[in-house]
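Colleague: Below you will find the structure I want to go over with you.
The values are calculated or read from the model by the stated rules, or taken from the named source; none is laboratory data. This structure is a prediction, so every number in the text was calculated from the model and none was measured. Here the Cβ positions follow ideal geometry from the backbone for every residue, glycine too, while neighbour counts run over all protein chains shown. Note: areas computed on protein heavy atoms with side chains; ligands, DNA, RNA excluded. Shrake-Rupley method; radii C 1.70, N 1.55, O 1.52, S 1.80 Å.
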Amino acid sequence: MDRNAFDTFPAHTRAISTSSVGWVEEARAVLRRLRRIEALEREHAPARSILAEVHALLEEAEAWLAAEPGGSDLAEAALERCRDALAAPVVR
């Protein structure tokens with residue numbers, strides 16, 4: 001651990017860097033969107049409404065990953081699977 005000019009260790013703080021605030025807000029947006037989708041499903045909303053929310057969720061998830069400081073490989077893979085599922089033809 002590094003010592004400062006007074007030969008003491010610097011204090012640890014819970015200060016949040018401005019770069020971390022962005023991804024926290026993005027994560028909260030994703031969680032809010034997921035709650036909306038769950039509410040629509042409980043209300044038996046039309047598929048079109050749910051699908052619109054899923055598309056918006058993907059956009060918010062992409063923004064979250066862009067702001068994420070790293071270590072998001074699993075989330076990126078999940079997002080890619082979601083994109084693929086939305087692009088797949090509908091089977092009835």
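Colleague: Note down all Cβ pairs under 6 Å where the first residue falls in the range 72-91 and is hydroxyl-bearing (S, T, Y), the second is surrounded by 10 or more Cβ atoms within 10 Å (Cβ to Cβ), and they're at least six residues apart or on different chains.
Modeller: S72/L65
Colleague: Would you tally the residues in the range 39-92 being of a type outside the set (G, A, S) and outside any helix (DSSP H, G or I)? Step through it out loud before you land on a result.
Modeller: Kept after step one, since they are of a type outside the set (G, A, S), are these residues of the range 39-92: 40-44, 46, 48, 50-51, 53-55, 57-60, 62, 64-65, 68-69, 73-74, 76, 79-84, 86, 89-92.
Filter once more, so that each one left must be outside any helix (DSSP H, G or I): 43-44, 46, 68-69, 89-92.
The total comes to 9.
Colleague: Taking the residues in the range 44-82 that are open to solvent by 80 Å² or more (accessible area, probe 1.4 Å), more than 13 Å from the chain's Cα centre (by Cα) and of a type in the set (D, E, K, R) as candidates, determine which candidate is farthest from E25 (Cα to Cα).
Modeller: Going through the qualifying residues, I end up with R48.
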